[in-house]
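Here is the structure we will look at.
The values are calculated or read from the model by the stated rules, or taken from the named source; none is laboratory data. None of these values were measured; they are calculated from a predicted model. Here the Cβ is made from the backbone with ideal geometry for all residues, glycine too, and neighbour counts use every protein chain on show. Surface areas here come from the heavy atoms of the whole protein model, side chains and all, with no ligands, DNA or RNA. Shrake-Rupley method; radii C 1.70, N 1.55, O 1.52, S 1.80 Å.
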Amino acid sequence: MIGTTRYPHVFAPLDLGFTRLKNRILMGSMHTGLEEAEQGFERMAAYFAERARGGVGMIITGGIAPNAEGGVGSKLSTPEEAAQHRLITQAVHAADPDVRICMQILHSGPLSRSPQCVAPSAIKSRIGAHTPRELDEPGIEKQIADFVQCARMAKLAGYDGVEIIGSAGYLISTFLVRKTNLRTDQWGGSWENRMRFAVEVVRQVREAVGPDFIMIFRISAMDMLDGGLAWDEVVSLGKAIEPHVNIMSTHFCWHEAPVPTIATMVPRAAFAQVTGRLRKELKVPMITSNRINMPQVAEDVLARGDADLVSMARPMLADADLVIKALQGREDEINTCIGCNQACLDHTFGGRQQVSCLVNPRACNETLLKYEPAGAARRIAVVGAGPAGLAYATVAAQRGHRITLFDAGAEIGGQFNLAKRIPGKEEFYETLRYYRRMIDVLGIELRLNTHIDAQTLSTMGFDEVVVATGIEPRRPSLPGIDHAKVVLYIDAILGRKPIGKRVAIMGAGGIGFDVAELVSHEGVSGATDVEVFAREWGIDFVNHPRGGVTGVTPHVAAADRTIYLMQRKADPLGKSLGRTTGWTHRMTLARRGVQMINGVEYLKIDNQGLHARVNGEPRLFEVDTVIVCAGQEPARGLFDALQAAGVKSSLIGGAFEAAELDAKRAINQASRLAAVA
């Protein structure tokens with residue numbers, strides 16, 4: 001079979017006795033918001049079916065609650081609800097009969113959105129909306145019975161199995177941990193009592209669904225929680241549960257744990273070693289996950305013996321055909337997940353937007369955003385090879401249009417060429433690799449190092465010109481703004497101007513934080529990426545103390561500069577950053593000694609430094625470099641000239657709106673425009 005030589009472990013089937021998985025890559029669970037959307041089950045059917053056709057061995061759905069108090073927005077407890085889910089299972093099995101689909105049963109416990117939420121003890125989660133009601137013993141028995149009923153209905157709906165999540169700060173995990181289980185009855189106190197709820201749920205579900213139904217338990221292998229599970233507790237829980245399940249899946253944090261596990265700053269497959277350690281203790285196949293985003297990473301994990309299966313959730317948003325591309329030797333055509341979380345987990349935990357993907361806006365929109373063949377091929381010029389221009393060009397070319405892509409620079413990428421230089425954002429190289437390959441595959445004519453004007457374009461016979469010329473950094477009106485110590489953020493990131501030892505950064509939006517990350521990294525080094533990551537976040541992979549964390553202040557090498565990150569607003573710095581990653585950036589910079597200052601009124605820049613008022617009080621920042629991150633303006637001069645010349649033209653990306661650099665918005669806008677071109 002094509003691909004099995006290069007990825008022999010990935011493409012080896014897994015025999016579960018009564019059924020077989022066709023390969024070792026599965027689509028991991030991710031709540032999409034479609035569960036509660038209008039026509040949501042029809043849309044989920046298309047979403048999952050597309051991934052089934054893309055080659056995965058197994059799919060695990062987003063979490064479905066067993067009852068109303070489970071509170072994830074969608075529940076399954078009745079035959080009528082099961083009938084809705086049958087749309088999904090039938091679509092997946094029709095797409096590929098060899099693909100298995102399992103439904104995740106998720107009772108969110110104290111993290112429930114419902115004010116009727118429940119838990120073993122009435123302890124509010126740091127990130128929960130409500131204080132949970134403490135369950136009495138009949139209430140506990142009801143919750144177990146609801147898990148059982150949910151599993152029965154999943155089987156009725158045509159699922160091949162269920163995954164029961166026992167981690168992340170959801171209901172089952174709160175029974176396990178002493179700090180959230182203060183009970184003194186048979187469900188609390190000793191470890192044997194605290195794990196009773198998890199074991200009973202799994203045991204009773206297995207009795208209800210029978211032996212020929214896949215059962216997966218997601219175990220909190222390293223919960224990153226001070227006072228979390230000790231290693232011997234993890235092992236004993238696994239051994240108590242494994243007689244009842246076919247597969248064990250490892251999870252690596254509670255949602256409230258102050259350790260990043262899935263952000264792009266996390267090294268690839270950093271946590272797979274924990275799965276490998278637990279795999280030596282158990283007999284059932286093990287799934288690992290977290291920051292495994294390319295076939296070779298999965299192959300390496302499996303070859304090391306760290307797991308039997310690899311779960312990819314966000315990578316399947318980014319590219320539904322990831323597995324089949326690997327099978328066919330087309331890895332360079334994979335649209336790689338960059339771990340940004342901006343359109344997926346930020347939307348999930350923000351609770352306001354449906355999930356999609358920054359690099360693939362079709363994700364979860366398969367029935368709404370279609371890249372169908374164009375009725376008539378047209379010649380289209382795209383000016384600007386940044387994120388918006390690249391997205392438009394590739395989608396339009398995929399639909400059959402003849403595209404010429406112009407850019408004044410020597411390489412494609414636009415603002416992505418800045419992002420990829422920021423420590424922790426190296427995955428942007430993958431996006432640029434993908435687009436560069438698709439330019440060749442789709443026959444797009446690429447003209448780099450080309451300054452093109454409206455007059456020239458008007459004579460070249462294009463049916464339309466799409467302007468994606470991006471932005472120009474805003475230079476604020478301020479005395480001394482032209483001083484030699486002033487550096488625009490583009491020059492700072494590209495290294496075109498020297499940066500001194502005392503630095504003031506004007507502007508604390510996403511760009512300001514990126515610049516602070518970059519200039520605070522100089523002088524910081526370590527043995528390996530994983531070792532540095534573990535040290536900076538207080539993780540002990542070697543000794544695995546309780547919760548997997550050391551319990552002491554993480555060691556972060558201080559920046560070899562004095563850095564002030566400042567903003568005009570009185571709000572806390574970083575408030576506008578992503579919900580799931582912003583806190584990591586704020587914490588990292590604070591640990592490096594970056595001073596974050598709000599309420600700043602900039603007065604002037606001179607040989608002494610930056611003069612300002614901070615909350616009304618005069619202050620001199622004696623710095624030798626002032627990096628300006630004060631926003632940007634749309635670079636729309638070409639568009640205006642085309643409009644004046646009567647040339648049919650459209651405006652997209654930063655040239656359309658440049659309030660803040662936003663690749664998510666730019667790629668989405670460009671893709672949607674190209675879909676109807």
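Can you list which of the chymotrypsin sites (Phe, Trp or Tyr not before Pro) found in region 608-668 are DSSP loop residues with at most 12 other C-beta atoms within 10 Å?
Hits after loop and neighbour filter: nothing returned.
What is the sum of charges, Lys and Arg at +1 and Asp and Glu at -1, for the other residues whose Cβ falls under 13 Å from the Cβ of G189?
So the surrounding residues net to +2.
Would you work out what percent of the accessible area of region 1-113, with all protein chains in place, is carbon or sulfur (probe 1.4 Å)?
Ligands and nucleic acids excluded, carbon and sulfur reach 52 percent.
By its C-alpha gyration tensor, with a ≥ b ≥ c as the square roots of the eigenvalues, how is region 539-650 shaped: rounded for a/c under 1.5, else prolate for a/b larger than b/c, else oblate?
Here region 539-650 falls in the oblate category.
Return the sequence-ordered ³J(HN,Hα) values of region 49-63 in whole Hz as given by the Karplus equation 6.51 cos²θ - 1.76 cosθ + 1.60 applied to θ = phi - 60°, using x for Gly and Pro.
4, 5, 6, 5, 5, x, x, 5, x, 8, 10, 10, 6, x, x
Give me the angle, in degrees from 0 to 90, between the Cα long axis of helix 510-521 and the longest principal axis of the Cα atoms of the chain, rounded to the nearest 10.
The answer is roughly 90 degrees.
Considering all projection directions equally, how large on average is the shadow of the alpha-carbon convex hull of region 371-502, in square nanometres?
If I average the Cα hull's projected area over directions, I get 10.6 nm².
Cα atoms only: what Rg and Dmax, in Å, come out for region 16-104?
Radius of gyration, then largest Cα-Cα span, for region 16-104: 13.0, 39 Å.
Using only Cα atoms, what is the ratio of the radius of gyration of region 589-677 to 2.2 N^0.38 Å?
Against the compact-globule rule of thumb, the ratio is 1.67.
If you average 1/r over all unlike Cα pairs in region 291-448 and invert the result, what Kirkwood radius do you get in angstrom?
16.9
Summing Lys, Arg as +1 and Asp, Glu as -1, what charge do residues with Cβ under 15 Å from the Cβ of N598 carry, N598 excluded?
That works out to +3.
Taking only DSSP H segments of four or more residues, each worth -39500 (n - 2.57), what value at 222 nm results for the chain once the sum is divided by all its residues, to the nearest 500 deg cm²/dmol?
-9000 deg cm²/dmol
Using Cα-only point scatterers and the Debye equation, what is log10 of I(q)/I(0) for region 255-357 at each q in 0.13, 0.15 Å⁻¹, rounded to two decimals?
Treating every Cα as an identical point scatterer, log10 I(q)/I(0) equals -0.52, -0.68.
Take every DSSP beta bridge with both residues inside region 341-449 and express the antiparallel ones as a percent of the total, to the nearest 5.
0
List the relative contact order of the chain as a percent without decimals, with contacts defined as Cα pairs under 8 Å and 6+ residues apart.
The normalised contact order for the chain reaches 12 percent.
Can you give the angle from 0 to 90° between the axis of helix 196-209 and the longest principal axis of the chain, with both taken from C-alpha atoms, to the nearest 10?
Computed tilt is about 80 degrees.
Output the 0 to 90 degree angle, nearest 10, between the alpha-carbon long axis of helix 231-241 and the longest principal axis computed from the alpha carbons of the chain.
60
Whole number in Å², please: accessible area per residue of the chain, 1.4 Å probe, ligands, DNA and RNA not counted.
Spelled out: the 1.4 Å probe surface of the chain, per residue, equals 38 Å².
For a bin width of 5 Å, list the pair-distance distribution of region 183-305 built from all Cα-Cα distances, rounded to whole %.
P(r) for region 183-305, in whole percents per bin: 2, 11, 18, 20, 20, 15, 9, 4, 1, 0.
Wrap a convex hull around the Cα atoms of the chain, take a quarter of its surface area, and give that in square nanometres.
30.7
Out of all DSSP beta bridges with both ends in the chain, state the antiparallel percent to the nearest 5.
Of the beta bridges lying entirely in the chain, close to 20 percent run antiparallel.
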